[in-house]
Every structure is written in C-alpha cells, then in structure tokens.
Amino acid sequence: DKNVTVVGDDDQSIYGWRGASVYNILKFNQLEPFKQKVKTTSITKSFRTGQNVLDVAYNVVKDNKNRLEKIPKAYFKKDSKVFAFFAPTYSDEAEFIVKEIENLIKSKNFSYKDIAILCRKKRFDEITISLDKKDIPYEIIGGRGFYYRPEIIDAISLLKLTHDPGDSIALVRVLKSPKYKICDRDIFHLAKYIISKDKEYIKEIKSKNRESEKIIVKNESSVKNNAEIGSKNENLVENRTEFEMENKTKFEMRVNLIDAVLQSGKIDELSKDTKDRLNQLSKELSHFVFLSERLSLPHLLREMFEQTGLFSELMSEKSRESERRKANLEKLIRIASDFERTKAEASFNSFMLYLREVLKAAELEPEELVPGIGDDVKVMSIHAAKGLEFPIVFVPMLCEGDFPDLR
C-alpha cells in the first residue's frame with residue numbers, strides 16, 4: 001500500500017502546456033523517498049502500429065539527449081508504409097494530399113472515414129480549401145479547441161455570471177443565448193439605462209465629496225489646535241476612515257448591466273415579452289447562486305444546463321453536430337467532477353479560479369470526439385487525435401521552425 005506507480009512517455013510532450021515535463025520521468029528516481037528504490041519497466045510493444053511506422057518514429061527521436069533509450073517493436077505484423085512528399089508551398093502540399101485521397105477512394109480499399117489529416121492548431125485553411133475544390137466530405141475536429149466551442153462559451157458565461165453577477169461580458173453572452181434571445185436593440189436600451197444611472201451616481205458622489213472635503217479641512221484644523229495643547233482626536237481619524245471607505249464603496253458599487261436587468265420593469269423602451277424573459281433570467285440566476293453554495297460541482301452544472309434548456313435543445317435535435325455539442329457539455333461536467341475529486345478544498349469559487357487559468361490555454365484543449373456517423377475525412381489537430389487510430393494518416397506542414405514549434 002506504499003507503492004507508487006508512475007506511467008509516462010519521455011518521447012512526447014503533447015501535454016507540456018499543462019505542465020508535463022520530461023524531467024518528471026528522468027529525475028523521478030532522484031526524488032525522496034524514491035532514491036535507489038525505483039524499478040523501471042519499458043513498455044516497447046505496440047499493438048496498433050506496424051514496424052515501419054515505429055522505425056520512422058524512432059529515427060526521429062533517437063538523437064534527443066533527454067530521453068530513456070528504448071526500441072519499440074510491433075506486436076502484429078502489419079504491412080504499414082511511410083511515404084514522404086516534399087512540396088514548395090503548403091498549398092501544393094494540400095493539393096497533393098487531396099489527389100492521394102482521391103486515388104485511395106478510387107481503389108475501393110478505403111472509405112473517407114478511414115482517413116485522417118493531422119494539422120497544426122488553426123492551420124486547416126490550406127487543407128480544407130483543397131478538399132472543398134474536389135467536393136471531398138470532411139469534418140473538422142479540434143479546430144479552435146474545446147473552450148472555443150459555442151456551447152462551451154455559453155455554459156462558461158452562465159457559470160461566470162453565477163459566480164459574479166457583475167460580469168457584464170458574460171451577461172451579454174447569456175442575454176443573447178438561445179434561451180433568452182435578447183436582441184441588440186434591447187441590450188442597447190439596458191446599457192442606455194445604466195449609463196443614465198451611472199451619471200446620477202457620479203453627480204451624487206461629487207456633491208458629497210465637496211461637502212466632506214469641507215468637514216475634513218475643518219476637522220484637520222481642529223486636530224492641529226488640539227495637538228498644540230497635547231490633545232488627540234482619535235474620533236477624527238475614525239470618521240475620516242469611515243468616509244474614505246464609504247466613498248470607495250460608492251465608486252466600486254456603481255451600476256452595471258445586471259442592475260438594468262433587475263430593474264428592467266422601469267425601462268419603457270422594452271417590450272412586455274422582453275421584460276418577462278429578463279425577469280425569468282433574474283429568478284434563475286438567483287436560484288443558481290443559491291445552488292452554487294449547496295450542490296456538488298457536477299450536480300450544479302447539470303442542473304444549470306437542464307434548467308436553461310442547453311440540454312433539452314440538443315436532445316430535440318438529431319444531428320452529428322448536436323451530438324458533439326452535447327458531448328462537449330458532458331465533458332465540461334466531467335472536468336468539474338475531476339476537479340472536485342482531486343482538490344481537497346474544491347468549491348464553486350475555486351473551480352472558477354481554475355477555469356480562468358485553464359482558459360489561458362483554451363486553444364490546446366481538444367473538444368470531445370463523437371464516434372463517426374458519416375463517411376468523411378477527419379481533419380483534426382494533433383491534440384484532438386490523441387488516443388485515436390486510422391488506417392491512413394497524413395501529417396502535413398512538417399516544416400522546420402513551424403512543426404514542431406521552435407517554442
């Protein structure tokens with residue numbers, strides 16, 4: 001019960017952006033209390049790949065200094081082949097790939113779904129343009145990352161708004177979501193309302209500021225006189241501190257968009273239907289804030305998605321895209337569940353802080369992959385392809401300084 005098992009691959013760094021480092025493996029046996037007690041086992045058998053592919057991969061990495069030497073061996077005898085093609089431009093390379101795909105399909109030995117094209121993140125244009133020219137069906141997976149998916153942006157905006165109702169950017173996203181459908185014109189009237197209220201607050205603060213300055217100057221003069229006769233005026237310090245804190249609070253509590261939503265009944269330019277939807281949002285948001293202090297993270301997210309219709313909308317649709325969107329929402333729930341399971345002090349607040357950091361690397365988190373339904377070529381990022389296998393794989397853009405990235 002005191003043993004520790006560590007599994008890793010020192011020949012790849014696909015999760016370096018998450019903090020993974022080859023030194024976690026290379027120097028593990030130097031850490032206390034593992035010194036001189038580590039037993040290393042190399043897993044060299046591949047049950048997926050043919051020996052030719054493994055040999056090419058080995059020749060690519062064998063001269064790396066920071067690695068543990070091991071020679072991979074194929075478990076099955078597969079007639080795998082590796083071809084290299086040199087093209088002057090990315091466009092020429094893309095055209096070559098498309099021609100090869102056409103030849104593979106004509107051979108009757110492969111379908112479009114047997115083919116994958118693995119690209120650098122956000123570098124799909126050359127490939128998709130060439131595929132479109134030849135009317136080759138394709139599906140893009142992991143193009144801009146999991147956290148850039150519209151349904152995930154909507155879900156996280158709702159979480160942000162629950163965590164901080166004063167987050168106007170998140171509020172606008174929620175207002176324009178399919179559930180509430182608040183149009184730009186109505187959002188303009190909400191903004192116009194808070195601007196007018198903001199001006200009223202500023203005018204009030206300036207007026208109180210002038211009155212308070214007179215009091216402070218008078219009291220400071222009194223302090224000076226009292227000091228000359230050896231007296232102290234501790235109450236003055238307390239009064240001034242109270243004023244400054246009150247003044248600071250007033251500035252920090254200036255109205256924002258959520259105030260307009262809560263007071264939408266006073267805005268004449270809004271229709272009754274819009275006011276009803278805004279009132280519904282106010283009630284639901286208040287309920288979500290209440291739940292965020294009482295439910296587990298996965299339970300909270302599922303409850304929010306169901307009550308706002310994010311799930312029901314997708315359940316009513318029967319398409320590959322709706323299946324992927326629902327799978328992505330389920331993945332977000334799993335992320336929350338994993339966070340809660342691994343963090344001793346997990347809370348809604350700490351989860352939102354975690355999401356804020358994760359979003360900085362948003363482009364690198366792959367979206368959830370839905371098992372193939374249609375017969376189409378899979379165009380995906382390297383990260384999205386993790387753990388998958390295809391009979392035919394193209395890896396374009398292997399250009400020095402670009403792939404792999406010099407960074």
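If you go through the stretch 169-199 and keep only what is crowded, with 17+ Cβ neighbours inside 10 Å, small (Gly, Ala, Ser) and either touching a Phe, Trp or Tyr at 6+ places or on another chain (Cβ under 7 Å) or not in a loop (DSSP other than H, G, I, E, B) (or both), you end up with just Ala170.
Give the residues of the stretch 282-299 that are closer than 18 Å to Ala344 by Cα, surrounded by 13 or more Cβ atoms within 10 Å (Cβ to Cβ) and in contact (Cβ under 8 Å) with a residue 24 or more places away in the chain, sorted by residue number. Listed by number, the residues that qualify are Ser292, Ser296, Leu297, Pro298.
Looking only at the stretch 127-151, residues that are at pLDDT 85 or above and either within 20 Å of Cys399 (Cβ to Cβ) or among the aliphatic types (A, V, I, L, M) (or both) come to 6 in all.
If you check Phe311 against the conditions, is it out of contact with any His (no Cβ under 9 Å at 6 or more places or on another chain), free of Cβ contacts under 8 Å to residues at least 60 places away in the same chain and within 23 Å of Leu175 (Cβ to Cβ)? Working first, answer last.
Working: out of contact with any His (no Cβ under 9 Å at 6 or more places or on another chain): yes; free of Cβ contacts under 8 Å to residues at least 60 places away in the same chain: yes; within 23 Å of Leu175 (Cβ to Cβ): yes.
Yes, satisfied.
A Cβ distance below 6 Å, combined with a sequence gap of six or more or placement on separate chains, defines the contacts here; from the stretch 175-199, residues that are in the same structural domain as Thr274 (by TED's automatic domain parsing) reach residues that are hydroxyl-bearing (Ser, Thr, Tyr) in the pairs Lys179/Thr308; Asp186/Thr274. With the structure loaded, tell me whether Ile101 is within 25 Å of Tyr138 (Cα to Cα) and touching a strand residue (DSSP E or B) at 6+ places or on another chain (Cβ under 7 Å) or whether it fails that test. Spelling it out, Ile101 is indeed within 25 Å of Tyr138 (Cα to Cα) and touching a strand residue (DSSP E or B) at 6+ places or on another chain (Cβ under 7 Å). For Lys122, the criteria (1) surrounded by 11 or more Cβ atoms within 10 Å (Cβ to Cβ); (2) within 19 Å of Ile382 (Cβ to Cβ); (3) at pLDDT 90 or above hold in every case but one, which is (3). Every condition in (1) at pLDDT below 85; (2) of a type in the set (Asp, Glu); (3) more than 17 Å from the chain's Cα centre (by Cα); (4) over 24 Å from Glu284 (Cβ atoms) is met by Glu368 except one, and the failing one is (3). What residue, among those in the stretch 98-114 that are touching a residue at least 60 places away in the same chain (Cβ under 8 Å), in a helix (DSSP H, G or I) and not β-branched (Val, Ile, Thr), is surrounded by the fewest Cβ atoms within 10 Å (Cβ to Cβ)? Result: Glu100. For Asn66, work out the one condition from (1) over 34 Å from the mean Cα position of the chain (by Cα); (2) part of a loop (DSSP other than H, G, I, E, B) it doesn't fulfil. Evaluating Asn66 over (1) over 34 Å from the mean Cα position of the chain (by Cα); (2) part of a loop (DSSP other than H, G, I, E, B) leaves (1) as the failure.
The values are calculated or read from the model by the stated rules, or taken from the named source; none is laboratory data. Quick caveat, the model's predicted, so the values are computed rather than measured. In this analysis, Cβ positions are derived from the backbone assuming ideal geometry, glycine residues included, and neighbour counts consider all displayed protein chains.
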